[in-house]
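Shown next, in structure tokens, is the structure this report addresses.
The values are calculated or read from the model by the stated rules, or taken from the named source; none is laboratory data. Remember, it's a predicted structure, so these values are computed and weren't measured experimentally. Here the Cβ is made from the backbone with ideal geometry for all residues, glycine too, and neighbour counts use every protein chain on show. In case anyone asks, the SASA skips ligands and DNA or RNA and just uses the protein heavy atoms, side chains included. Shrake-Rupley method; radii C 1.70, N 1.55, O 1.52, S 1.80 Å.
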Amino acid sequence: MGDVDFKSRRKLTFLRLMVSQGIVPAEKVRDNPNIEGRDFTDILTYLVENNIADENKIKQFFVEFLNLKPFDLSIDIDVDDAILSNITYNYMVKKKFAPIKYVKEEDRLSIAAFNPIDKEIIHYLKFLGIKNIEILVASYSEVRQLLESYSRMASPTEIFDNIGLDAEVEEEVQKEEDISVNVAIAEAEEAPIVKASRLFIVNAVRQGASDIHIEPFEKELRVRYRIDGILRTVQRLPVNIKDALVARYKIMANLDIAEKRLPQDGRIRVRIDKRPIDLRVSIVPTVYGEKVVMRIQDAQAYLGLKLEDLGFEPDDLEKIRKAIYSPWGMVLVTGPTGSGKTTTLYTALMERNTEDVNISTAEDPVEVSIPGINQVQIKEHIGLTFAEALRSFLRQDPDIILVGEIRDRETAEISIKAALTGHLVFSTLHTNDAPSSITRMIDIGVEHFLVGTAVNMIIAQRLVRKLCGHCKQPADYPKEFWTGLGLSEKDVEDGQFFVHNPEGCERCNRTGYRGRTAVHEILEVDDTIRKAILSGANASQLRELAVKNGMRTLFQNALLKVKKGITDIAEVERVLIK
């Protein structure tokens, strides 16, 4: 009992010293239930993780007060594997310390510790038979970085044992054929691997990621999330768990576990806290093992969207509604992979999805299941191509047809035929801008007069990151800078210009940006444009004519977003070329 009291008094003494020196605000620790009765290392971790205290000030406090050496990440790490194998990785994580140097002749182990007054670490190491222990003071981040490099020591069970999965996850497995049975299944069904496989999905969904990348390398397994279009590393794991983790995702996606030489594609359906989530899974063999990429499709997010939510300017929105309510014709959405084409098309379909309208879609793959719409999954290996699905649709009395992508002449010609025979056709193309979509269709082999007659509208789009509303900063640029970009003097006077904060904040993961919005280029095919298409105009001539008719280019549309303070010029220049 006396020992507990002594430790408690010692902890309070150091905490009071930190308060008196202004490192920890008194009001944040007084009567705080997160502090009372907790281990001092846990208290320090709580203070840093919740931005109550600066980790570097805590480090400096211990260095000065206890006259200890500070740890520096540039120090060469030199610890014998025989020593490391005796130290439990979980214990290092719990106590926030890591070995950095072992001198065999002196039997001296140097460690970097976040809490250098934690006597339990010394007792633990002495119990392992190490006679002399030197403590260097490290910041919380430095210890975490060291522990990442030591994660190879941990078994899969150790790594995931301390991870809490605070979400209810149900897997919806729809078996089409028997799964190959081998040793990998037993490893993949172990509790830690099951927990890890679910955790990566849950965290990605909660952080708003669009993709999960699980990549094997020679000495580690890296997990990255694509958030707001940018890839970020979230976890580095020991390479020895890769086979079990990949096998687990193969089981979830109903893929062949035994096949490791060829790429495989599948789909995982889960419910996270009663919310349905679809994941499109792609597995590709690399030199160090199989890489898994999962595209996250949040069905509910799609179902709740309206055209007003997609960043269209009011006048453009009016044009789009006119096009999607046309009784016949073609609406094309164009842009590179990951530019939000699917979201735009699904949102337009959702608006037209009423009981008096028959909608059929041919997709590869079907990204999100939408109630009330007849969706067909393209399977080229059995002859179910876009062209074949389209032919069938025309016998199904459709009002609206969505063709996932126009890839060849046959698909383009049947789509045009459908648009000219009283159907409204939506589709996508991979072109850089709206006018070049016209010339792409002609290059594929469709006649000029068919393109000019059938196409009603082309929407080109890109996604730009939105400024974090919490930490964005006013843009201190002269008026000439903005007018030089193409804004009028009135635009500059009326505008609210901001730039992202390079330091960021907690709300935007230190990036300065949070969320994305679309910028658009909307080409209405009117009589003037039709005549130009029939006369064989090229993309540049069509662009010039469209701009004269009032079309805003992608760059001009993006400048409007900058003027409104939604994004900044750095992000526009990253995504677009003027």
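Quick notes on this structure:
- Leading residue by the ranking (modelled with the lowest pLDDT) among those in the stretch 174-193 that are surrounded by fewer than 19 Cβ atoms within 10 Å (Cβ to Cβ) and of a type in the set (Val, Ile, Thr): 179
- Hits in the stretch 533-578 - residues which are part of a helix (DSSP H, G or I), of a type in the set (Asp, Glu) and open to solvent by less than 40 Å² (accessible area, probe 1.4 Å): 571
- Search result, residues across the stretch 13-38 that are assigned to a loop (DSSP other than H, G, I, E, B) and open to solvent by 50 Å² or more (accessible area, probe 1.4 Å): 21, 22, 30, 31, 33, 34, 36, 37, 38
- Pairs where the first residue, in the stretch 342-355, is within 16 Å of residue 518 (Cβ to Cβ) and the second is among the acidic types (Asp, Glu) and open to solvent by 10 Å² or more (accessible area, probe 1.4 Å), C-beta under 7 Å, 6+ apart: 342/367
- For the stretch 204-220, filtered to residues that are in a helix (DSSP H, G or I) and in contact with a strand residue (DSSP E or B) (Cβ under 7 Å, 6 or more places away or on another chain), the residue that is surrounded by the most Cβ atoms within 10 Å (Cβ to Cβ) is 204.
- From 122, 75, residue being open to solvent by 30 Å² or more (accessible area, probe 1.4 Å), hydrophobic (A, V, I, L, M, F, W, C), more than 32 Å from the chain's Cα centre (by Cα) and at pLDDT below 85: 75
- For the stretch 453-502, filtering for residues that are open to solvent by 70 Å² or more (accessible area, probe 1.4 Å) and part of a strand (DSSP E or B) leaves 3.
- Of the candidates 274, 319, 291, the single residue that is of a type in the set (Lys, Arg), touching a residue at least 60 places away in the same chain (Cβ under 8 Å) and touching a His at 6+ places or on another chain (Cβ under 8 Å) is 291.
- Lone unmet requirement of (1) touching a Gly at 6+ places or on another chain (Cβ under 9 Å); (2) assigned to a strand (DSSP E or B) for residue 442: (2)
- Complete set of residues in the stretch 359-392 that are open to solvent by 40 Å² or more (accessible area, probe 1.4 Å) and in a helix (DSSP H, G or I): 380, 381, 382, 388, 391, 392
- Restricting 442, 373, 378 to those that are within 30 Å of residue 543 (Cα to Cα) and β-branched (Val, Ile, Thr) reduces the list to 442.
- Check on residue 434, open to solvent by 10 Å² or more (accessible area, probe 1.4 Å) and touching a strand residue (DSSP E or B) at 6+ places or on another chain (Cβ under 7 Å): no
- Answer residue from the stretch 329-356, given it is assigned to a loop (DSSP other than H, G, I, E, B) and open to solvent by less than 20 Å² (accessible area, probe 1.4 Å) and is farthest from residue 278 (Cα to Cα) among those: 335
- Positions within the stretch 126-160 being assigned to a helix (DSSP H, G or I) and modelled with pLDDT of 85 or more, in sequence order: 140, 141, 142, 143, 144, 145, 146
- Of all residues in the stretch 40-65 being without any contact (Cβ under 8 Å) to a residue 60 or more places away in the chain and within 30 Å of residue 107 (Cβ to Cβ), the one that is surrounded by the most Cβ atoms within 10 Å (Cβ to Cβ): 65
- Residue 530 being among the basic types (Lys, Arg), outside any loop (DSSP other than H, G, I, E, B), in contact with a Pro (Cβ under 8 Å, 6 or more places away or on another chain) and open to solvent by 10 Å² or more (accessible area, probe 1.4 Å): no
- Boolean, residue 53 is modelled with pLDDT of 85 or more, under 39 Å from the mean Cα position of the chain (by Cα), aliphatic (A, V, I, L, M) and assigned to a strand (DSSP E or B): no
- Strands (runs of 3 or more DSSP E) fully within the stretch 221-326 counting 2 or more residues that are among the charged types (D, E, K, R), over 30 Å from residue 458 (Cα atoms) and open to solvent by 40 Å² or more (accessible area, probe 1.4 Å): 221-227, 230-237, 264-272
- Selection from the stretch 393-431 of residues that are open to solvent by less than 50 Å² (accessible area, probe 1.4 Å) and in a helix (DSSP H, G or I): 393, 411, 412, 414, 415, 416, 418, 419
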